[in-house]
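**Q** Attaching a single structure in structure tokens format; questions to follow.
FYI, it's all coordinate maths here, none of it is from the lab. Keep in mind that this is a model prediction, so the values were computed, not measured. As a convention, Cβ positions derive from the backbone with ideal geometry for all residues, glycine included, and neighbour counts pool all protein chains shown.
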Amino acid sequence: MPYPKTAIVIGGSIAGLLQGLQLKRNGVNVTVLEQDPSDDRHSHESGVQIGPSVVSLFDKYDATGRPSAIPARFLSVAWRKHLRIINHPAPRHMSNWGTLYLILRANFDGKTSEMVPDAPPPRKGDGEVAYRPGKRAMGLRYSKDEGIVHVEFEDVKTGEKDTISAETVIAADGVHSTVRKILHVPSEKKYSGYIGWRGTVPERLLSPETVEYFSNRLNFSLMNGTYCISYIIPTETGHVEPGKRLLNWVWYYPAADGSREMTDIFTDTNGKIHPSTVPQGLVKPDVWASQKARHLEQMIPPLAEIIDKTPRPFISKVADLDGTDHQASFFDGRLVLVGDAYNAFRSHLGMASEQAARHCWQMDRVWRGEITQQERDREAALYAKRFILLNRFIGLTGMELWFQLFKTVAGYAWLMLMHFMGFV
């Protein structure tokens, strides 16, 4: 199947924009439908790790020349009050969701920002593109004889309905995917048993000693049945210079679903109970103060400082969505689920963007005739199964949940044995 002439991408976040940019650069006319009506999207300044597939896509398709990440050469581990028991060379690239988003938007549809004040012009051979915020997918129809998929959508502000058609539809609308619901693909998230307190603190607010401790490293801090990941990232507007960067952290903490503690944590300052995330600025000050009072003394001093000085923390439940037992493509391969719309990991490795980029390269191979759609779907499923288990392994080790960890290790060994024997 060659590259299509027209494509619709449902979902305008990182996964959707990666797919959209690749299609554009290969001469495809692309329309992105994004249900968020705002054209200036924010992400709590969330940190992300970008892997080799993301780096390769940016090397090939990015025309802004803006740095997208900050390198971290070492993986460092603190245990209890011991500052550093492991410091192993393990190069990585750490970034910010907003940084990636603004670079991709500048390349895709010429959006300007403080990050990219002068968007690059289209390259020779690029397809025509449109980014349409505030458009929610409502229905799908497939005209098999014509090889065309029709997407029914509505404007989230006016309620006005319309239909758009293309040869290919990429469903990249995230873990709460509307497309999965339309296609009746099971999409239940499984709660892990722990939550993630999250935040960023401007580097300029920290002591030089603390900045030095976290510099050039992906840091794991293992405490008593809880742990924290931290690293330096660019700002959402792309500042990577020392003194202007952010220190990003995620503190994984056990909380029983439905418990009084969970309800209290996920009730915001207005009394609203959130199902999965309490945004920045809405965490109750007394809940956050109590959390710090009970745990800061257990932490190494640099970690305690960044958490104590974080101005606007937020909270999210940690879950995964295993879509690997269900279809990844539909309508003779003309509709494909990608990114978190297909499968969502727990956040321990911060590699959701890497899965999304791998899906891009896989589809490129399909459109170039190097593999079939069925081979691509099997490849995507194996990668997803592996990283579901690897993320669980990291999290369960840090949380010291040994029985669940043993089951995860056994599951991974069984998966790889089945793959080696040709059954997966």
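**Q** May I ask for the net charge around Leu396, where only other residues with Cβ less than 15 Å from the Cβ of Leu396 are counted and Lys, Arg are +1 while Asp, Glu are -1?
**A** Working: positive: Lys190, Arg346, Arg392, Lys407; negative: Asp320, Glu400.
It works out to a net charge of +2.
**Q** Across bins of 5 angstrom width beginning at 0, how are the C-alpha pair distances of segment 1-77 distributed, in whole percent?
**A** 3, 11, 19, 21, 21, 13, 6, 4, 2, 1
**Q** Any lysines with Cα under 27 Å of the Lys292 Cα? List them, leaving off those in the same chain fewer than 8 positions away.
**A** In chain and number order, the partners are Lys81, Lys244, Lys272, Lys284, Lys309, Lys317.
**Q** Please report, to two decimal places, log10 I(q)/I(0) for segment 309-424 at q = 0.18, 0.21, 0.22 Å⁻¹ as given by the Debye formula with identical point scatterers on the Cα atoms and no solvent.
**A** Those come out to -0.98, -1.20, -1.27, one per q.
**Q** Just add up the charged neighbours of Arg123: K/R +1, D/E -1, any other residue whose Cβ is under 14 Å from the Cβ of Arg123.
**A** 0
**Q** Now, a different point. Compute log10 of I(q)/I(0) for the chain with the Debye formula, placing one identical point scatterer on every Cα and leaving out solvent, at q = 0.11, 0.14 Å⁻¹, to two decimals.
**A** Log10 of I(q)/I(0), two decimals: -0.87, -1.39.
**Q** If you don't mind, another one. Based on the Cα coordinates of segment 80-187, what is the per residue volume of their convex hull in Å³?
**A** With only Cα atoms used, segment 80-187 gives 261 Å³ per residue.
**Q** Indicate the helices, whole DSSP H runs only, in the chain that combine a mean Kyte-Doolittle hydropathy of -1.0 or more with a Cα extent along their long axis of 30 angstrom or more.
**A** 373-399
**Q** Report, for the chain, the % of DSSP beta bridges that are antiparallel, rounded to 5.
**A** If we restrict to bridges inside the chain, about 70 percent are antiparallel.
**Q** At 7 Å along Cα-to-Cβ for each site, give me the label-to-label distance between Lys272 and Asp286 in nm.
**A** Each label point is offset 7 Å from its Cα along the Cβ direction, giving 2.1 nm.
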